[in-house]
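To keep things clear, I will list the structure first and then write my remarks on it.
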């Protein structure tokens, strides 16, 4: 089984993002460097100007990162080069999910959720309603995303309209979500 991690070593070689991977990061002063390891092969990717907080595998050749520098970047795994930089958040990007083959969704310390067209590098929708950092996101189905926030709430969002369809209040901050269809349906 392949293993993927982020660290600050400067090794380099060609690699592909494995189908199954473990992604983590070392939150030190130089953790704005992305490193993809697949056992023997590795690639260091430089480009963010601050800490990297989240990574997703978009396809076999592309990973996407969110950073403390308020940006989202797409990366070519083979070359190690940044392909696009998405600007739109005004604070840290804490979480990312792949919504479909052309779209990702991001959550930020600016209290917003943004939906992005990856091919164009454009924000196509902004979801507003949280009063603190958005820490986690899941895709419930093709028409609904769910967010967890430091405002102690879980919100369900209608993708088409951008409206919040349900808010669940919690006693503590919500830092992670797990999709359990039978509980949310």
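Each value in this text was obtained by applying a stated rule to the coordinates, not by laboratory testing. Small disclaimer: the values here were computed from a predicted structure and weren't measured. With ideal geometry, Cβ positions are generated from the backbone for all residues, glycine too; neighbour counts draw on all protein chains shown.
Within 10 Å, count the other beta carbons around each residue, average over each peptide in 49-59, 114-124, and list them highest first.
Going by the mean number of other Cβ atoms within 10 Å, highest first, we get 49-59, 114-124.
Find how many whole Å separate the alpha carbon centroid of the stretch 63-100 from the alpha carbon centroid of the stretch 138-172.
22 Å
According to the Kirkwood expression over distinct Cα-Cα pairs, how big is the hydrodynamic radius of the stretch 44-158, in Å? Before the final figure, lay out each step's value.
Values: mean 1/r = 0.0716 Å⁻¹.
One over the average 1/r among Cα pairs gives 14.0 Å for the stretch 44-158.
For the stretch 99-185, just list the percent of Cα-Cα distances falling in each 5 Å bin from zero outward, please.
Going out from 0 Å in 5 Å bins, the stretch 99-185 shows 3, 15, 28, 26, 18, 7, 2, 0 percent.
Calculate, axis by axis, the spread of Cα positions in the stretch 102-141 along the three principal axes, and write the results as whole Å, longest axis first.
Principal-axis extents of the stretch 102-141 (Cα, largest first): 30, 21, 13 Å.
Could you work out how far apart the two model spin labels at residue 78 and residue 90 are, taking each label as a point 7 Å from the Cα in the direction of the beta carbon, and quote it in nm?
For the pair residue 78/residue 90, the computed spacing is 4.1 nm.
Between residue 172 and residue 140, what length in nm is gained on full extension when 0.36 nm per residue of separation is reduced by their alpha carbon distance?
9.3 nm
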